[in-house]
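The values are calculated or read from the model by the stated rules, or taken from the named source; none is laboratory data. Just so we're clear, the structure is a prediction, and the values are computed from it rather than from any experiment. Cβ coordinates were reconstructed from backbone atoms using ideal geometry, including for glycine residues, and neighbour counts include every protein chain displayed. Only protein heavy atoms, including side chains, enter the accessible area calculation; ligands, DNA and RNA are left aside. Shrake-Rupley method; radii C 1.70, N 1.55, O 1.52, S 1.80 Å.
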Amino acid sequence: MASSPEQSGSPMLVLGKIVSVHGIRGAVKVLSHTDPLDNVLDYPQWSLRRGAEQRTVSVTGARVQGRVLIVQLKGVDDRNQAEDLVNFEICVAHDALPDLEDGEFYWYQLEGLRVETLEGQLLGRIDHMLETGSNDVMVVKPCEGSVDTRERLLPYLPDLYVKHIDLQAGLMQVDWDPEF
């Protein structure tokens, strides 16, 4: 999931994208960035954004079809109206997301954090996260002050490798040997 600029004073988060139309009755195909993919439907009202253009829509029906969702939006009743929505990002306000337990984080909160070893060596910054099935992986890219210029794929395993996260300081400490 990617962060987006503030809208109406509330930070927005991109949860998916309308990628094409489906059928002749105005349904759209949605590529969801949530896990599971139908979690985007937990938000019945979406803020749509494509460049500077923004709209608000309401979901009236949906179903999973393979790796996409087929979604019907209020007031979108034919294929021409649906085609006008293709390539819009689906956004919701950060404060609309459910609260997490202590020690749990959304991926967007981790992206951009500096990653240091317990000894204080800077490995880089978290560029993005990957889901591998067995565990999530942090893609750590070098930045100014990094110990070297290597990109690293580090497992996101709290308590095993990830020892401390301080969102206010923008820092994650890991138990990791930079030579590995």
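Screening the stretch 131-149 for residues that are over 14 Å from Glu116 (Cα atoms) and touching a residue at least 12 places away in the same chain (Cβ under 8 Å) and picking the one that is nearest to the chain's Cα centre (by Cα) gives Glu131. When the test is whether a residue is within 23 Å of the chain's Cα centre (by Cα), open to solvent by 80 Å² or more (accessible area, probe 1.4 Å) and either at pLDDT below 95 or under 20 Å from Pro36 (Cα atoms) (or both), Glu104 passes it.
When the residues of the stretch 62-83 are filtered to those that are part of a loop (DSSP other than H, G, I, E, B) and open to solvent by 70 Å² or more (accessible area, probe 1.4 Å), the one that is nearest to Arg50 (Cα to Cα) is Lys74.
Could you grab me the full set of residues in the stretch 33-43 that are surrounded by fewer than 16 Cβ atoms within 10 Å (Cβ to Cβ) and in a helix (DSSP H, G or I)? Result: Asp38, Asn39, Asp42.
Of the residues making up the stretch 148-179, those that are part of a strand (DSSP E or B), closer than 19 Å to Gly103 by Cβ and open to solvent by less than 40 Å² (accessible area, probe 1.4 Å) are Leu154, Pro155, Val162, Ile165, Leu171, Met172, Val174.
Tell me yes or no: at least one residue of the stretch 19-32 is open to solvent by 30 Å² or more (accessible area, probe 1.4 Å), in a strand (DSSP E or B) and touching a Gly at 6+ places or on another chain (Cβ under 9 Å). Yes: one or more hits.
Just to be sure before I move on: is Glu89 closer than 28 Å to Asp177 by Cβ and open to solvent by 20 Å² or more (accessible area, probe 1.4 Å) in the structure I sent? Criteria not met by Glu89. Please enumerate the residues belonging to the stretch 113-147 that are assigned to a loop (DSSP other than H, G, I, E, B) and among the hydroxyl-bearing types (Ser, Thr, Tyr). Correct list: Thr132, Ser134, Ser146.
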